[in-house]
1. Where residues in segment B:193-206 are surrounded by 22 or more Cβ atoms within 10 Å (Cβ to Cβ) and not aromatic (Phe, Trp, Tyr), which of them is farthest from residue B:96 (Cα to Cα)?
2. Quick check, is residue B:90 within 14 Å of chain A (Cβ to nearest Cβ) and acidic (Asp, Glu)?
3. When segment B:10-21 is examined, which residues are found to be in contact (Cβ under 8 Å) with a residue 40 or more places away in the chain and under 14 Å from the mean Cα position of the chain (by Cα)?
4. Kindly establish whether residue A:92 is at negative phi and surrounded by fewer than 16 Cβ atoms within 10 Å (Cβ to Cβ).
5. Which residues, counting only those in segment A:157-172, are surrounded by fewer than 21 Cβ atoms within 10 Å (Cβ to Cβ) and at the interface with chain B (Cβ under 8 Å from one of its Cβ atoms)?
6. Specify which of the listed residues (B:95, B:57, B:85, B:73) is out of contact with any strand residue (DSSP E or B) (no Cβ under 7 Å at 6 or more places or on another chain) and free of Cβ contacts under 8 Å to residues at least 24 places away in the same chain.
7. Look at segment B:302-313 and say how many of its residues are in contact with a helix residue (DSSP H, G or I) (Cβ under 7 Å, 6 or more places away or on another chain) and either assigned to a helix (DSSP H, G or I) or polar (S, T, N, Q) (or both).
8. Suppose we keep only residues that are of a type in the set (A, V, I, L, M) and surrounded by 18 or more Cβ atoms within 10 Å (Cβ to Cβ) within segment B:302-323. Which one would you say is farthest from the chain's Cα centre (by Cα)?
Number of protein chains: 2
Amino acid sequence: MRIVITGGAGFLGSRLARVILARGSLTDASGEKRSVRELVLADVVPATVPDSRVSVVTGDLGDPALLERVVTVDTDSIFHLAAVVSGQAEAEFDVGMRVNLDATRALLERCRKLAKPPKLVFTSSLAVFGGPLPDPVPDDAPVTPQTSYGAQKAIGEVLVYDMTRKGYIDGRSMRLPTITVRPGKPNKAASSFASGIIREPLSGVDAICPVARHTQIWVSSPRTVIANLIVGHEAPAASFAHTRSINVPGISIGVGEMVEALRRIAGDAVAERVKWQLDPVIDRIVSTWPARFAPVLGPALGMRADPDFDSIIRAYIADELGR
Amino acid sequence: MRIVITGGAGFLGSRLARVILARGSLTDASGEKRSVRELVLADVVPATVPDSRVSVVTGDLGDPALLERVVTVDTDSIFHLAAVVSGQAEAEFDVGMRVNLDATRALLERCRKLAKPPKLVFTSSLAVFGGPLPDPVPDDAPVTPQTSYGAQKAIGEVLVYDMTRKGYIDGRSMRLPTITVRPGKPNKAASSFASGIIREPLSGVDAICPVARHTQIWVSSPRTVIANLIVGHEAPAASFAHTRSINVPGISIGVGEMVEALRRIAGDAVAERVKWQLDPVIDRIVSTWPARFAPVLGPALGMRADPDFDSIIRAYIADELGR
């Protein structure tokens, strides 16, 4: 089986790669369990996952020649993770459109050239939702994004469904919660703080929280998101009806509660490293995202949420800090 | 005021042009009522509306040079009617994507170059809806199109809203009912029969109805749709909140009832010219469209529905047959 991960050098992509390699097999679009022959990690920077089954391709997915090298005709599955994050897509409209919409469409069009319609897992986001919504948000809530990132992901979902319906791909759009705790540096995602307020204090560094303590967010740990991406990939096509979009499980938590969980686990001195300083731009974006969902399809497929935020912090400490 | 109608040579575009010319003025994006200085009718075939204020531009909107000529920097309002119809978009996926998505996006991008953000009326369709839905369909029903035409229109709506939110345009997406009775020839719209089963018999010609008698559809007369397009254009930006999409009023009627209305008005011999012959492709497309809506925003803005189907037939006879 030949599997492609776009954004394969990123934090989520490289961890997904390791999990797929450790599993050793996935189920293809015809329902057959097959071993991983080649795992292609495509990104603008080179991926580094040492394994004989890994191929690394570096370049811009918007380049048709590169896309042909990445998605060869014998490709069975694609995890499309490459994207410009929410804050950048809002600040740089054209960049967001090019990466989040044009590159996604080019990838989907490329799939029509393959020997068999591939499975395609599209990483969408809770950011497709915005405006007045039921609380909690049901699976069939209307999609009215209030950010350009959300708009671009919503358009990707429509394309994934329509091209699935046409038989060009076997697509699945996974609306991911805010992922926390991400390792590494802050990025231009409006949700970057959700990792920063845990990660930085644990490393002895102050972190600014740009939203109010009472702000509620819908979160998932990287471990859980990756497990859910695999569940979404493995789900048989017959599990779906008139949409291929899945609200991925998460937990709802207040930002203040996240810091209190940090305090319980790491102590007062660590928790006090979080400084509260409202950023109206980030606060506006985050406030358009619903914070509580009632997912039905995702759990029915076998997706799960983290038990609580304390366990998310502990997983970060174990996975990333090696303590 | 400089106003552009794309698809301006079409049935709806040319009638909209005449109504705008007769009104003589529209309200611009700043809320000012201004007289129509120039009305540009752009289409792949030349429009013929004799009026000194009319300019005719012929060509493909996908051509950037043509688009610059059509949408000059001093343009105040655009009615974007140009589209590939539902049956063709389903049969020729690439043509639908190019005309319904790429040309719409190019038009929206062009708007960013204008002196002032223009008003833009995007003709969307009830075809953005599909799958299980409440009956009647509320304004905030989820958009899960089950045809490529509906998918392309749904994507256009997301772009119109996001670019409105960004301040690039003052957009309004009008989800039109099936329009009947259209004059002229049958076209590749899956809903073409909804006009054909009235128009052809009234002209002494047999018409094939490709869907079952009990099929319910949501319809509006051309007159009423044009009046509603103007209402949508005139509505102040403050009338909208987290979406610019409007479910345009219509009436719900069974296809068999439409033929019975024809019988009441034109007699048995005319009604008997309708032949029932199921076409599974058309029946599938039409069956994905909801047939009954409960529009709230549209009527609040001043949009209206035809009183009944008899009056729709009578309007066709008066407007198009001159009887």
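1. So, considering only residues that are surrounded by 22 or more Cβ atoms within 10 Å (Cβ to Cβ) and not aromatic (Phe, Trp, Tyr), the one farthest from residue B:96 (Cα to Cα) is B:201.
2. On the way: within 14 Å of chain A (Cβ to nearest Cβ): yes; acidic (Asp, Glu): yes.
Yes: the conditions hold for residue B:90.
3. Here is the first cut: in segment B:10-21, the residues in contact (Cβ under 8 Å) with a residue 40 or more places away in the chain are B:10-13, B:15-16, B:19-20.
Passing the criteria: B:10, B:11, B:12, B:13, B:15, B:16.
4. It is true that residue A:92 is at negative phi and surrounded by fewer than 16 Cβ atoms within 10 Å (Cβ to Cβ).
5. Answer for segment A:157-172, where residues must be surrounded by fewer than 21 Cβ atoms within 10 Å (Cβ to Cβ) and at the interface with chain B (Cβ under 8 Å from one of its Cβ atoms): A:165, A:166.
6. Answer to the check: B:95.
7. 3
8. B:313
The values are calculated or read from the model by the stated rules, or taken from the named source; none is laboratory data. Note that the coordinates shown come from a computational prediction; the quantities given were computed from them, not determined experimentally. Neighbour counts run over all protein chains shown; Cβ positions are idealised from the backbone, glycine included.
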